[in-house]
Every structure is written in C-alpha cells, then in structure tokens.
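Remarks on the structure that follows.
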Amino acid sequence: MHRRTHAAGLSFLCAAMAFLVAACTSDHSETRQAPQPRRSPSPSAATATVAPNTARPFVLKPPELDADETLAGRQEMTSGNASIAYSKGRKGDALIVAVSCRGEGKIKVVVRSVHVSFSQPCVADKNSTNYNQVDLTGADRNGVASVEAPSAVRWSMTIGHGAHAQEESSG
C-alpha cells in the first residue's frame, strides 16, 4: 500500500510537472503576445503621447554681432555659472559682450582683464538681450568672461571685437 501511494504521488507529481511546463510555455508565450498590442497606442493615446513631443524645446541662441565686428568667443545656451575664453582683437578694438537670458533672476558678468562687471535682469517668459561695449585699455587683448547665474536662468553669450562706438554729441 505504501508503494501504491508513492506511485500515485509520483504520477501526480509528473502530471503536475507536465502541466506546469506546458502552462509556463503557454502562459509566457501568451503573456508576451498580449502586452504587445497594449503597447501600440490607440489613436487617443497617441495624440496624448505625441503632444509633448510636438512642442519644440526652448532654445536661446547667442546674440549676433554686426557685420563689421569680429567673433572672439561664444557660449551656446546654458544655465548656472560658466567662464568663456575669448581671443584677442586688433590693436585699439573695443570689446563687445552681448548676453541673452531668459528665466526669473539676474546674471552677473565679470571680465577681469578689463576690470569690468555688469548685471543683467532676466525675465521668466521673455528673452532679454544686452550689448555692452568696453572701450578701455586692454579691450583688444584675449581674456575670460565669467558668468554667475541661478540654475533657473538660461543664458547665452557672444563676445567680439569691433571699432569704438561714436559718442553722441549732446546738444
């Protein structure tokens, strides 16, 4: 009787194993097949998914120089602090530092080689661009412009050299 129980138990175990092997094979292939149609979006889901992708990301291009000015350095859109090296210009050239920014906050630009610094307020949903011309001794030399900016502010910069600006006569 003990052999019969053992044989019956062994038969049951083999049947159960065969069922599990078949179940695993069948269930997994069905499981793998079932999610695939669910992954392909319905038209309404596709519209909801595509909508954020159709909006172009915000890009703040560096300011352009005038045709008679020479590019010395450029920083594409960035955030936070950075330093931009710029090349030297012709003897007697003025240094032009043009900054565009967007985002709530203020950026500070320091050009140590000519002992100049300035701040520029930035607005959340509006591009702000300022052109600054430095007509000081050493402005034609190479150097580095350093920017301090909050991480919420996106900014870009163009540095160039050009002729000194004509002073407007008052009168």
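The values are calculated or read from the model by the stated rules, or taken from the named source; none is laboratory data. Just so you know, these numbers come straight off a predicted model, no measurement behind them. So basically every Cβ, Gly included, is an ideal-geometry build from the backbone, and we count neighbours across all protein chains shown.
Residue-level check: of (1) on the phi > 0 side of the Ramachandran plot; (2) modelled with pLDDT under 95; (3) in contact with a strand residue (DSSP E or B) (Cβ under 7 Å, 6 or more places away or on another chain); (4) not basic (Lys, Arg), residue 89 misses just (1). Cβ-Cβ distances below 7 Å connect the following pairs, each with a first residue in the range 61-88 that is within 12 Å of residue 159 (Cα to Cα), a second residue that is modelled with pLDDT of 95 or more and among the basic types (Lys, Arg), and a separation of six or more residues or different chains: 62/74. Looking at the range 54-135, the strands (runs of 3 or more DSSP E) lying wholly inside it that each contain 3 or more residues that are in contact with a Cys (Cβ under 7 Å, 6 or more places away or on another chain) sit at 105-111. Are any residues in the range 80-133 exposed (fewer than 15 other Cβ atoms within 10 Å of the Cβ) and under 14 Å from residue 150 (Cα atoms), and if so, which ones? Once the filter is applied, which keeps residues that are exposed (fewer than 15 other Cβ atoms within 10 Å of the Cβ) and under 14 Å from residue 150 (Cα atoms), the range 80-133 yields 80, 81, 82, 104, 106, 108, 119, 121, 123, 124.
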